[in-house]
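Trainee: Sharing a structure with you now.
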Amino acid sequence: MTASAPDLRRKANMTEPKPKGELSTSQPGIEQVYRETRDSMAGYLVCLGLPASQAQEVTQEVFLRLHQALRNGQKIQDVRAWLFRVAHNLGLNTRARERYRNLADPDWERFVNPETNSPEDTALSRERSQLLIAALKDLSPQQRNCLFLRAEGLRYREIAEVLRIKPSTVGEFLTRAIQRLTEALHG
Amino acid sequence: MDNQRHYSVEELMGFLDGELSAKEIGSIDHHLRACARCSSELHDLRTAADSYGHLRNEILRNTKAALSPWRPLSTGAVECIPARKLGNSFRIWWSITAACVLMACVIAWLHGSDSREMGRLLQRAASTGTRPVGRLRIRTHGTILFRPAILTRTDESSPPTGSLPVLFEQAHYNWANPLSPRSFADWHGRLADKQDRVTALRDHSGATAAFQLRTTTRSGNLRAVALTLAADTLEPREGRFDFQPDGLVDISVTPAEETRPEGGPNPISTPARAPEKVYTASPASPEDELRVFAALHALGADAEEPIEVRLDAEKSHVLVTGIGISPARRKEIENAFSSMPRVVVAFDRGSDSGDSRGYRDESFATPPPVDTGPATSNSPGEPLFRSVLEMQAGGSEKLQAIVDSTLETSSAALARAHALGTLAHEFSTPTESTLGASRQNTLRRIRSDDSRALVDIGNKLAKDLAPFRIQTAPREIAISSWQAGAAALFENTRALDQLLNKMLAENLSKQDGPNAVEATRRRLSMLLSLASAEEAAAQ
């Protein structure tokens, strides 16, 4: 019973299975991928600054495009990376089109969880979350995007595919982002 | 540590996310065992990443609460698509709808077939008139209670079962005889909205040992019941009741003697006995622990995965904890233990604290430094041993391939030796002697598998290292006990692993190289000797 590979430890918060690998219209898997990914994708789009209703609409459109792509014979090697890339692009386009530019950052404060056990816990939790949110706001958009996508369970290679950057750059962005969060938490 | 550099934040981040090569991971893992600074830095990174993870979960929770109910792709998504899309996409959604309707028909047919099979089994079970005998072991929220299989009005020996009777009553489920097929059928018959599944559970030989009847519903406080019946007699064996929001209640039939305190009379016949004595949960035994090890071994999860097995503080349960196990694997492991008494699988516990490598017990937690031969001592300008290795391997690319393969194999050896060492630690000679004959055989089988695997791994290492003229010379050695042999084997494998890392992944000087080769040869020979001795001892 030993831990030899640290990749087993990452993303402990992820509970939903991730769609991965090739998919085709002949498989009855789209509905399942949709069920497993839609909440996570909507959450990501909210992080990009879309209101929840818009995020939901975009998520559904992403799956429409998936079906369309498969039907046109497009080979999709990594479904998860493909889905998030389309979601990312559609999300940004939607935000621009709908004049949500002034909502570049979501209203992070409303995510601070007030439901904790004791008043002390509440205070600590709120303080911690607020420090975290302040640090998040200071990150560059790309650093933030890397962080969001990492939390959705994407590997560096997949994040690179979504954001059209090099995997090594993803590593750099993530390192800086996590370092900033560390500094914020440690005061 | 003096001869090693500290790792950069980028490298530690890559390590945390599993984005490095096996070789790099191995090197950092070794480094972290001895370097408090890098360990602390890694801890900070993990804490920050986890903190964001919590916030992300909060965002997700908040988002989900704000969303309208998702429409299935088959029926509703079209309505959400902007009008400009509708014309182009109508046919697509129509084809999705058709496919989903077809799929729904197949699923409905399959469910229907399960319902029919369930009805048939319940009818047969009821007609045989079999009733659960002995006593019931009830586990809920970590508490274990025992009670007669069937409660009667005059039964005064029923234990304090808290709110359980109320929960069952609210669900219209017969608490007096909860494992009876008739009770299940009565509850099942009242449900308007339900899904049935029948699963044949097989034993090691592949024969059907039991049937599990599982019904889920979206109404009421009892959302799912899984009743297991013996395949041959259709006698009820166990049931799992999922109450919302109160949690799971596991009930199994247990021999009456299991519920008695040692040497005490049967509580069924002594209703006057004080409840706290009668209903004491039986403590976990070495046999329970061995069952867990055997199950993990059968799943291939005892060596390669970060899973830990230990007794809880009260020594009443065997705790199986793990770090970063994938949901699918977690489920597989949980299923393997779902019917085992006194076993608690808690993957979330222990994942946030302690040594992330899983070396938790003291004998393995902070291994003392071992003699791994010469220290790295090259100075600028000094010729490197790597050039010698390159020449022997036939070029730098070939050397790199050998290095990658060797270090990976060495990690596998370390994992296997640790698994065997853990077994030796948990089953000392006195503990082993308390096991029954069949359990001793199980233990022997696991030991045999592990030691044979180590011999194979050792031979592979020897083959990989052949270009460097490392010729092993295993010899027959005597070990005082298999436990002592396993401990020595772990120490030796760890030292070998460190040596290999030093020889292949560091810049040894030409002067130090031959000494490292010789030390590696000795350690590898010893690994083969000890593993063979362990294998022989397990016969």
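Trainee: Report the net charge of residues surrounding residue A:177, where surrounding means a beta-carbon distance below 9 angstrom and charges are Lys +1, Arg +1, Asp -1, Glu -1.
Mentor: Numbers: positive: A:144, A:150, A:176, A:180; negative: none.
So the surrounding residues net to +4.
Trainee: So, one more: What ranking do B:217, A:37 get, fewest neighbouring Cβ atoms within 10 angstrom at the top? Don't skip to the end; give the middle numbers.
Mentor: Values: B:217 19, A:37 26.
With the sparsest Cβ surroundings first, the list reads B:217, A:37.
Trainee: Alpha carbon centre of the stretch A:42-71 versus the stretch B:190-256: separation in Å?
Mentor: For the stretch A:42-71 versus the stretch B:190-256, the Cα centre distance is 39 Å.
Trainee: Each residue of the stretch A:69-86 in order: what ³J(HN,Hα) in whole Hz does its phi give by Karplus 6.51 cos²θ - 1.76 cosθ + 1.60, θ = phi - 60°, with x for Gly and Pro?
Mentor: So the Karplus estimates, Gly and Pro as x, are 5, 5, 5, 7, x, 5, 8, 10, 6, 10, 4, 4, 4, 4, 4, 6, 5, 5 Hz.
Trainee: Give a quick list of trypsin sites (Lys or Arg not before Pro) in the stretch A:138-187 that DSSP marks as loop, anything other than H, G, I, E or B, with at most 13 other Cβ atoms within 10 Å. Walk me through the intermediate numbers first.
Mentor: Working: sites: A:144, A:150, A:155, A:157, A:164, A:176, A:180; in loops: A:155, A:164.
Hits after loop and neighbour filter: A:164.
Trainee: A follow-up question, please. So for B:464, B:193, fewest C-beta neighbours within 10 Å to most, what's the order? Show your work: numbers first, answer last.
Mentor: Values: B:464 21, B:193 9.
In order of increasing Cβ crowding within 10 Å: B:193, B:464.
Trainee: Select from the stretch A:131-175 those chymotrypsin sites (Phe, Trp or Tyr not before Pro) which occupy a DSSP coil region and have at most 13 other Cβ atoms within 10 Å, ordered by residue number.
Mentor: Working: sites: A:148, A:156, A:173; in loops: none.
Those that pass, being in a loop and sparsely packed, number zero.
Trainee: Would you mind calculating the relative contact order of the stretch B:389-463 from Cα pairs under 8 angstrom and at least 6 residues apart, reporting the percent as a whole number? All intermediate terms of the calculation are to be shown ahead of the outcome.
Mentor: Numbers: 26 pairs, mean separation 32.0, N = 75.
43 percent.
Each reported figure results from applying straightforward, stated rules to the coordinates on display, with no laboratory input. Just so you know, these numbers come straight off a predicted model, no measurement behind them. Quick reminder, even Gly has a Cβ in these numbers, built from the backbone with ideal geometry, and neighbours come from all protein chains shown.
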